[in-house]
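Quick notes on the structure that follows.
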Amino acid sequence: AIDRASLVKQVLAGYGSLTNAHILGPSQALPPELNKYEYNPEKAKQLLKDAGWDTNRVVKIQLIPGLRDRDTTSTIIQGQLGAVGMRVELNPVQAGPLQENLRNGTFDFTLYGGGSYALDPESTSGTTMCDFAAPKGGNQSRYCNQEVDALYLKARAIVDQSERAKVYQQIAKITNEEVPYIWLYVPAPIWAYSDKLQNFKPHGDFVSGFWNAAEWSLRQ
């Protein structure tokens, strides 16, 4: 029901990429045959009908307003879900209430993001494994699959990177099929700076722009 490719094009001006599984990278940890969940509103309508969806039910998307691209994204998603028969309201909240709702499970949808999950697949374990299910940890969807847990533990014990990648590919296939989260996109980090600033090295994480600030200097 969500046109994610259009979100990248319209909201991010093309500076982003789609992801289809809980393993976000590196590329060798992702199998090529993942379901891409391409935009198909007619199929979405049929799936809702088959599931017995109550078209009078109202669901809410909670989000922290004013954060980069998310205000626009949430409005577009609201319209796209509405087009297939879901009555959606936006619920802008501050960080405190949002975290409380996540801990208590008192939410329908939450639009949020962050984290350097593409650096190493192990970093996604904290948002996926059973022991990290909220409120104990960062697994906000409360997803739990013992096979996935076992694969994460197996990968931790492997030193060879190519062998590790094969295990993470198995995790990617399972989470791609079971969809514990609806992944939208990965924004490309864009940095703007004056040519007077010397030794600035762009970082792949939005929140780590000052990682080498001790090396900076200003040219007159």
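The values are calculated or read from the model by the stated rules, or taken from the named source; none is laboratory data. In this text, all values refer to a predicted model and were calculated from it rather than measured experimentally. Positions of Cβ are backbone-derived with ideal geometry, glycine not excepted, and every protein chain shown enters the neighbour counts. Remember, those area values only see protein heavy atoms, side chains included, never the ligands or the DNA or RNA. Shrake-Rupley method; radii C 1.70, N 1.55, O 1.52, S 1.80 Å.
The single condition among (1) more than 24 Å from V11 (Cα to Cα); (2) loosely packed, with under 15 Cβ neighbours inside 10 Å; (3) touching a Leu at 6+ places or on another chain (Cβ under 9 Å) that V167 does not meet is (2).
Would you be able to say whether some residue in the range 171-185 is over 30 Å from L12 (Cα atoms) and surrounded by 10 or more Cβ atoms within 10 Å (Cβ to Cβ)? Reasoning before the result, please.
Our first condition is that a residue be over 30 Å from L12 (Cα atoms); within the range 171-185, this holds for none.
Looking for residues that are over 30 Å from L12 (Cα atoms) and surrounded by 10 or more Cβ atoms within 10 Å (Cβ to Cβ), one finds none in the range 171-185, hence no.
Within the range 177-208, being hydroxyl-bearing (S, T, Y) and either over 31 Å from the mean Cα position of the chain (by Cα) or not in a loop (DSSP other than H, G, I, E, B) (or both) holds for one residue alone: S194. Residue check: I76 meets all listed conditions (1) open to solvent by 80 Å² or more (accessible area, probe 1.4 Å); (2) at pLDDT 95 or above but one, namely (1).
Considering the range 37-51, and only residues there that are open to solvent by 40 Å² or more (accessible area, probe 1.4 Å) and within 17 Å of W183 (Cα to Cα), the residue that is farthest from the chain's Cα centre (by Cα) turns out to be N40.
Answer yes or no as to whether K201 is in contact with a strand residue (DSSP E or B) (Cβ under 8 Å, 6 or more places away or on another chain), basic (K, R), surrounded by fewer than 17 Cβ atoms within 10 Å (Cβ to Cβ) and over 24 Å from N35 (Cβ atoms). Working first, answer last.
Working: in contact with a strand residue (DSSP E or B) (Cβ under 8 Å, 6 or more places away or on another chain): no; basic (K, R): yes; surrounded by fewer than 17 Cβ atoms within 10 Å (Cβ to Cβ): yes; over 24 Å from N35 (Cβ atoms): yes.
So K201 fails the test.
The single condition among (1) in contact with a Gly (Cβ under 9 Å, 6 or more places away or on another chain); (2) modelled with pLDDT under 95 that G105 does not satisfy is (1).
Only a single criterion out of (1) open to solvent by less than 50 Å² (accessible area, probe 1.4 Å); (2) closer than 26 Å to A13 by Cα; (3) touching a helix residue (DSSP H, G or I) at 6+ places or on another chain (Cβ under 8 Å) is not satisfied by G126, namely (2). Applying the condition of being hydroxyl-bearing (S, T, Y) and surrounded by 14 or more Cβ atoms within 10 Å (Cβ to Cβ) to the range 16-36 and asking which residue is farthest from D71 (Cα to Cα) yields T19. Scanning the range 35-57 for residues that are of a type in the set (A, V, I, L, M, F, W, C) and farther than 22 Å from L184 by Cα yields a count of 2.
Can you confirm whether the range 169-184 contains a residue that is at pLDDT 90 or above, of a type outside the set (K, R) and either more than 27 Å from G16 (Cβ to Cβ) or touching a strand residue (DSSP E or B) at 6+ places or on another chain (Cβ under 6 Å) (or both)?
Residues of the range 169-184 that are at pLDDT 90 or above, as a first pass: 169-184.
Adding the requirement that they be of a type outside the set (K, R) leaves 169-172, 174-184.
After this cut, where a residue has to be either more than 27 Å from G16 (Cβ to Cβ) or touching a strand residue (DSSP E or B) at 6+ places or on another chain (Cβ under 6 Å) (or both) as well, the list is none.
No: zero hits.
Taking each residue of the range 91-110 that is free of Cβ contacts under 8 Å to residues at least 60 places away in the same chain and looking for partners that are assigned to a helix (DSSP H, G or I) and not aromatic (F, W, Y) with beta-carbon atoms closer than 6 Å, six or more apart or interchain, yields F107/N101. Screening the range 209-220 for residues that are free of Cβ contacts under 8 Å to residues at least 12 places away in the same chain and in a loop (DSSP other than H, G, I, E, B) and picking the one that is most open to solvent (accessible area, probe 1.4 Å) gives F210. Kindly check whether there is at least one residue in the range 136-155 that is open to solvent by 30 Å² or more (accessible area, probe 1.4 Å), touching a Phe, Trp or Tyr at 6+ places or on another chain (Cβ under 8 Å), among the acidic types (D, E) and at negative phi. No, there is no match, as no residue in the range 136-155 is open to solvent by 30 Å² or more (accessible area, probe 1.4 Å), touching a Phe, Trp or Tyr at 6+ places or on another chain (Cβ under 8 Å), among the acidic types (D, E) and at negative phi.
One line per residue, one yes/no per condition, for (1) in a loop (DSSP other than H, G, I, E, B); (2) touching a strand residue (DSSP E or B) at 6+ places or on another chain (Cβ under 9 Å); (3) under 23 Å from G52 (Cα atoms):
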{"site": "L102", "(1), (2), (3)": "no, yes, no"}
{"site": "F107", "(1), (2), (3)": "yes, yes, yes"}
{"site": "G114", "(1), (2), (3)": "yes, no, no"}
{"site": "E122", "(1), (2), (3)": "no, no, no"}
{"site": "D131", "(1), (2), (3)": "no, yes, no"}
